[in-house]
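Enquirer: Dumping the structure here so I can ask a few things about it.
The values are calculated or read from the model by the stated rules, or taken from the named source; none is laboratory data. Fair warning: this is a prediction, and the values are worked out from it, not measured in the lab. Quick reminder, even Gly has a Cβ in these numbers, built from the backbone with ideal geometry, and neighbours come from all protein chains shown. Just the protein is used for accessible areas: all its heavy atoms, side chains included, with ligands, DNA and RNA removed. Shrake-Rupley method; radii C 1.70, N 1.55, O 1.52, S 1.80 Å.
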Amino acid sequence: MKVIVKPFFLLCIAFFSNTSGATDLMNISDFPDWFTEGLARETNIKKSSTLKIKELEVNSKVLGKYTLAEKSDNFWYYTIDINTASPAECYVFTDYDGPASSLHSILEHSLTGVETLNDKKLSNKSTFSLNTGIVKNSPYLSLDIMYLLGEGEQRTTGILKGLVSESNDVLRMCIHNEIGYRESFFKVFESFVDAMNSQAPTSFFEATYALLVNNIPMGYMQETYSIDADGDIETKNRTSLLVPVDASSISRNDTSGLSWSKPDGSLINATEYTIENGNMSSQFSLQYADDAWQVEGQLQGKTITKTLEHDGWFLSGFGSYLALAELKGGDDTSANYHMWAPTADPTSALPVTLRQLSDNPEANFEVDMGPIVMQFLANKDNVFQKGTIQQGPITMKMSLLHSKGQPTLP
């Protein structure tokens, strides 16, 4: 499937329509001593294994003693002895919805298993912590759920920890059902992900950004740029978000895209799909045919086919970096473009204004997309370091987690 990648400032529209330390959403000082002491526990993992997955060309040493518990054509499930009362569990998927949706689904399924194992009903659950970060070149999401089983004196408390990462169309996920051992568990996950990062990257530029609201990391967006066999620019993007709705509910959003553009930055074609809360919410493609831009796809199950009124060229994700460089090197302080942003409106061209800023030490450029305004700081190579997006009363921050190469043709 060919799917669209948007530039840095278009990736962020999806939100509004390197450490293992997670951001706790609860005040730990309010908990009893036995809980805070348990939360601080760690372990020394001395055992190691060789992880072998022939189908994925994986043959690497990993931390912990692995046992393959279940396997199918696109699924591997391991239990791992990490020197704690409960084993860690790690999964590999080659067919999946997306990092945010898949992590939430596995954790919910595991809670059902916890009920069965303890022969007690789930009486309450709360989102305990969220985080996002990077393992080598692979972004990850972290979600910990605190749960209560049973009632009264028979009540049992636990924390189910989950970590997920995606790269090379493979999803890696680990969970651990025990209070504490957060650093130890992260080391196991890090080793697991690293074992499957053996494929050499083919991109000439890639960047990954953390997305934060109220200083809480809720997800990431990643963009990669490569040159295909025809000399065109192939651009991929993935955005994954876990957004708390209330104390116990999490909204999940996974957007994936792929597009192609010419070396001058003009868009050739693009597609994009979004999975919300485990369901495909939209899927669109854009191509130029019969002297016009044609859009086909689905939105909330409704088929949409339209010829766009806009008949000019579209600025691509790669083109946005060229536009930035041109503005920096010229006499103008602003420039206007049109982009295709299916998350905002798949059936029209989105007017975008790029401006230079001279009086803001935190940002040197601004992107105006109507109801959404973004300010960001770009370095001398035009790689975005940080930024903010303002939509009405909501402000989202972005910070660079990892970048490789430069957004210029090699």
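Enquirer: What's the carbon and sulfur percent of the chain's accessible surface, probe 1.4 angstrom, rounded to a whole number?
Expert: Percent of accessible area from carbon and sulfur atoms in the chain: 46.
Enquirer: Arranged from highest to lowest average of other beta-carbon atoms within 10 Å per residue, in what order do the peptides 145-158, 263-276 appear?
Expert: Result, highest mean Cβ count within 10 Å first: 263-276, 145-158.
Enquirer: List the lysines whose Cα lies under 30 Å from the Cα of Lys386, skipping any in the same chain that are fewer than 8 positions away.
Expert: Excluding near neighbours in sequence, the set is Lys2, Lys6, Lys136, Lys161, Lys187, Lys236, Lys262, Lys328, Lys397, Lys404.
Enquirer: How do 171-178, 37-44 rank on mean C-beta neighbours within 10 Å, highest first?
Expert: Highest to lowest by the protection proxy: 171-178, 37-44.
Enquirer: Taking the Cβ of Glu326 as the centre, find all other residues whose Cβ is under 12 Å away and add up their charges (Lys, Arg: +1; Asp, Glu: -1).
Expert: Once positives and negatives cancel, what remains is -2.
Enquirer: Please give the length that would be gained between Leu148 and His310 if that part of the chain were fully extended, namely 0.36 nm times their separation in residues minus their C-alpha to C-alpha distance (nm, one decimal).
Expert: Answer, rounded to one decimal: 52.8 nm.
Enquirer: By per-residue mean of other Cβ atoms within 10 Å, what is the highest-first order of 125-137, 180-192, 289-301?
Expert: 180-192, 125-137, 289-301
Enquirer: Now a separate question. Between the stretch 249-319 and the stretch 154-198, what is the separation of their alpha carbon centroids in Å?
Expert: About 33 Å separates the Cα centre of the stretch 249-319 from the one of the stretch 154-198.
Enquirer: State in Å² the accessible area per residue of the chain; use a 1.4 Å probe, count heavy atoms of protein chains only, and round to the nearest integer.
Expert: Heavy-atom accessible area per residue stands at 45 Å².
Enquirer: Using just the helices of the chain, give the 222 nm mean residue ellipticity in deg cm²/dmol: DSSP H runs with n ≥ 4 each add -39,500 (n - 2.57), and the total is spread over all residues, rounded to 500.
Expert: Here the helix-only value at 222 nm equals -4500 deg cm²/dmol.
Enquirer: Expressed in nm to one decimal, what extension gain is obtained for the pair Lys302 and Asn215 from 0.36 nm per residue of sequence separation less their Cα-Cα distance?
Expert: Contour length minus the Cα-Cα distance gives 27.7 nm.
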